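Q: Questions regarding the structure given below will be posed in turn.
What follows draws every value from the coordinates through simple rules; no lab data is involved. Bear in mind that the values here come from a model prediction, so they are computed numbers and not experimental data. Using ideal geometry, Cβ is built from the backbone for each residue, glycine included, and neighbour counts are taken over all protein chains shown.
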Amino acid sequence: MLCVIWGLTQVVLKLAAPDITPLMQIALRSGFAALLVALLMVIRREPLTVRDGTWRPGLLVGVFFALEFLLVGEGLRFTTASHMAVLLYTAPIFAALGLHWLMPSERLKKLQWFGIGCAFVGVTITFLGRTQSTQVNSMSDLLIGDLMAVAAGVAWGATTVAVRCSYLARISAAQTLLYQLAVGFVFLLIAAVVLGQTEVRFTGLTLGSLVFQSVIVCFASYLAWFWLLRHYMASQLGIFSFLTPLFGVAFGVWLLDEPLEFSFIAGAVLVLTGILMVSGYSWIAAQMTRK
């Protein structure tokens, strides 16, 4: 379900772009979602304080969060939603590599390394095989947007590593998310003002996008994601999220009329193979032991 929601996210941002820029959408959704998370914490009687020593790592993950979505918002001005959906989800590779070196419990086995390689090759094939879309002005614009998408993936991977390797891994998912949303809102709103991207036309599509982005994406899905990070290995979760680009490209084909190419099918097979090798490692190892 998270992969379906996140696969649709970039497409919705692109659909509403004529009425509100992606950067402004992301800034506003972060602010709205921060209010919802704070309200949830009040209802649960969770402490709203920075005196517990979490403000430093909270500020760090908030900056990474803001950087990720600044790159996403700007990147969508140059590249397609499909490219963004595929390249942004290189993040699990960077997260898995970082955690491999920093957390002994997250060390990757040989088969998992091979799975990461397969998934990365699959994403690369999906990216390289796509042709220029009519939604971008030139191949140079496409390249700029794609590079921003990869950089956003690095920032997302850094966020995951920072959460797992700090005290944030032991506090509530809501508090961790609130740090990211609140800091992200401030930084992204400033960026929108500086870049002159504050104009908003309140159409039905604009309002629908903001509700979807704020309530479903930033509030519900992110809370679920951080809960998962606290209970399961981040490397396995991250590789499994490679399903998201498949949904992202599928939604791009359906809603934005982007072409479906053979490279996507070939890349999808490799991505799914990589997911099986990493997420299903324990099962595969058990089967091999029986033999």
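Q: As a footprinting exposure proxy, order Thr90, Thr198, Thr9 by other Cβ within 10 Å, with the fewest listed first.
A: Thr198, Thr90, Thr9
Q: Find which of Phe65, Leu237, Thr79 sits farthest along the positive direction of the dipole of the chain, computed with +1 on the beta-carbon of Lys and Arg, -1 on that of Asp and Glu, about the Cα centre.
A: Leu237
Q: Sticking with this one: For the chain, what is the relative contact order in percent, using Cα pairs closer than 8 Å and at least 6 residues apart in sequence?
A: 40 percent
Q: Continuing with this model, one more query. Count the net charge of all other residues whose Cβ sits under 12 Å from the Cβ of Gln197, scoring Lys and Arg as +1 and Asp and Glu as -1.
A: The answer is -1.
Q: What distance in nm separates the two pseudo spin-label positions at Ala266 and Ile190, each 7 Å out from Cα along the beta-carbon direction?
A: Distance between the two pseudo-spin positions: 4.6 nm.
Q: Taking the beta-carbon count within 10 Å as an exposure proxy, list Ser166, Ser30, Ser214, Ser82 from fewest neighbours to most.
A: Arranged by neighbour count, lowest to highest, Ser166, Ser30, Ser214, Ser82 become Ser166, Ser214, Ser30, Ser82.
Q: Another question about this same structure. Calculate the length of the line joining the C-alpha centroid of the range 92-111 to that of the range 169-193, in whole Å.
A: Cα centroid to Cα centroid, the span is 25 Å.
Q: Would you please name the trypsin sites (Lys or Arg not before Pro) within the range 1-102 that are DSSP coil residues with at most 11 other C-beta atoms within 10 Å of their C-beta?
A: Loop-located and lightly packed - Arg45, Arg51.
Q: Fully extended, how many nm does the chain gain between Leu147 and His231 (0.36 nm per residue separation, minus their Cα-Cα distance)?
A: 27.0 nm
Q: For Thr49 and Asp257, what is the calculated FRET efficiency with R₀ set at 51 Å and r taken between the beta-carbons, to the nearest 0.05? Before the final figure, lay out the partial values.
A: Values: r = 49 Å, r/R0 = 0.96.
Calculated transfer efficiency: 0.55.
Q: Explain nothing, just the number: dipole magnitude of the range 2-290 about its Cα centre with +1 on each Lys and Arg Cβ and -1 on each Asp and Glu Cβ, in debye rounded to the nearest 20.
A: In debye, rounded to 20, the range 2-290 gives about 1000.
Q: May I pose another question? Less than 13 Å from a label point 7 Å out along the Cα-to-Cβ axis of Leu40: which backbone N atoms in the range 64-100 qualify, by residue?
A: none
Q: In which sequence would Asp52, Asp141 go, from the one with the fewest C-beta neighbours within 10 Å to the one with the most? Walk me through the intermediate numbers first.
A: Details: Asp52 11, Asp141 15.
Exposure proxy ranking, most exposed first: Asp52, Asp141.
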